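The values are calculated or read from the model by the stated rules, or taken from the named source; none is laboratory data. Note that the structure is a prediction, hence the values are computed from the model and not measured. Here the Cβ positions follow ideal geometry from the backbone for every residue, glycine too, while neighbour counts run over all protein chains shown.
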Amino acid sequence: MYKFDEYKRINILYEYYINNDSEYFSEFIYDLITELAIFNIEKIVEYLASEDPKKKQRALKLAIVDKPYFTIDDIADFIKIENSIKNNFNENGEIQIAKSKLTSREKEIWRCKCGNSNNVDAQRCNCGLDRMGFYEGETTSDTAIDILHGNIDLIQRTLIKK
Ligand SMILES: [Zn+2]
């Protein structure tokens, strides 16, 4: 009975968090998920593959929730999540070569989701998005992968005897 309740609880919290229109309410649910150290790899991988960028972004934050404890099996799970992140987050607009009309010199640009062209060196578009499609302050795919690597490293250092 408790097991069933636990599964149901995870599902309800995850669904509320991922599908809510209110940023404020979602943050509130996220705090609760963090507090309860809820981590369900199947659901995280499912949400990471969402078509909706907002849901995908929220799923990244689920991937970095601290588990109550680590086991050796977590390594495989973290690698699975990392691969899923890499598959589902691509560079926002590929690098293109643009020819300046005035000088006819070529320059490299990246085209943002908003339609703007940016210099290849520009970290962020005028609209606020970076090349991966994240706003400043958001959990990025790189940040999430760094945290997963840190977890794997910790498990290898503490749980795997040399
Ligand atoms: Zn833009």
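Filtering region 15-46 down to residues that are β-branched (Val, Ile, Thr), farther than 19 Å from residue 69 by Cβ and within 15 Å of the chain's Cα centre (by Cα), which residue is surrounded by the fewest Cβ atoms within 10 Å (Cβ to Cβ)? Let's see the steps before the verdict.
Step one: of region 15-46, the residues β-branched (Val, Ile, Thr) are 18, 29, 33-34, 38, 41, 44-45.
From the residues that got through so far, the ones that are farther than 19 Å from residue 69 by Cβ too are 18, 29, 45.
Among the residues that remain, those that are also within 15 Å of the chain's Cα centre (by Cα) are: 18, 45.
Numbers: 18: 21, 45: 19.
So the residue we want is 45.
Any residue that is closer than 30 Å to residue 159 by Cα, without any contact (Cβ under 8 Å) to a residue 24 or more places away in the chain and in a loop (DSSP other than H, G, I, E, B) - is there at least one of those in region 66-83?
First, the residues of region 66-83 that are closer than 30 Å to residue 159 by Cα: 66-83.
Restricting the remaining residues to those that are without any contact (Cβ under 8 Å) to a residue 24 or more places away in the chain gives 69, 73, 76, 83.
Add one more test, that the residue is in a loop (DSSP other than H, G, I, E, B), and what stays is 69, 73.
Yes, there is a match, as at least one residue in region 66-83 is closer than 30 Å to residue 159 by Cα, without any contact (Cβ under 8 Å) to a residue 24 or more places away in the chain and in a loop (DSSP other than H, G, I, E, B).
Would you check which residues across region 129-162 are buried (at least 20 other Cβ atoms within 10 Å of the Cβ) and small (Gly, Ala, Ser) and list them?
Of everything in region 129-162, those that are buried (at least 20 other Cβ atoms within 10 Å of the Cβ) and small (Gly, Ala, Ser) turn out to be 133, 141, 144.
Scan region 105-118 and report the pairs whose first residue is of a type outside the set (Asp, Glu) and modelled with pLDDT under 85 and whose second residue is away from the ligand (no atom under 12 Å from the Cβ) and not in a strand (DSSP E or B), with Cβ atoms within less than 9 Å and a gap of 6+ or a chain change.
Pairs found: 107/100; 107/120; 113/53.
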